[in-house]
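Here is the structure we will look at.
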Amino acid sequence: MAIVNVNIPDDLYAQLKELANAENCSVEAIVIRILQNTLQAKAQQMKEYK
């Protein structure tokens, strides 16, 4: 698995942390889920566009 270091604004990190706490998981898991969902949606849009 690749390791990616990203500087995230404090307010965005606070939102990610709040969501992670609400869903009883890690910030890392939330970020991965958001990336996966966003990439799947984008791939679907591109597929429908063709």
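The values are calculated or read from the model by the stated rules, or taken from the named source; none is laboratory data. Worth saying up front: this structure is predicted, and the values here are computed from it rather than measured. Counting neighbours? That spans all protein chains shown, and the Cβs are built from the backbone with ideal geometry, glycine included. The area values use the complete protein model at the heavy-atom level, side chains included, leaving out ligands, DNA and RNA. Shrake-Rupley method; radii C 1.70, N 1.55, O 1.52, S 1.80 Å.
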> Roughly how many nanometres apart are two label points built 7 Å out from the Cα toward the Cβ at GLN36 and GLU48?
Replying inline: 2.2
> Per 10 Å bin, what percent of the C-alpha pairs of the chain does each bin hold, from zero upward?
Replying inline: 22, 42, 26, 10
>> How far apart, in nanometres, would the label points at GLU18 and ILE3 be if each is projected 7 angstrom from Cα along the Cα-to-Cβ direction?
In response: 3.1
> For the chain, what % of the accessible area comes from carbon and sulfur atoms, probe 1.4 Å?
Replying inline: 56
> Where does the charge balance sit around LEU16 when Lys and Arg score +1, Asp and Glu -1, over other residues with C-beta under 15 Å from its C-beta?
Replying inline: -3
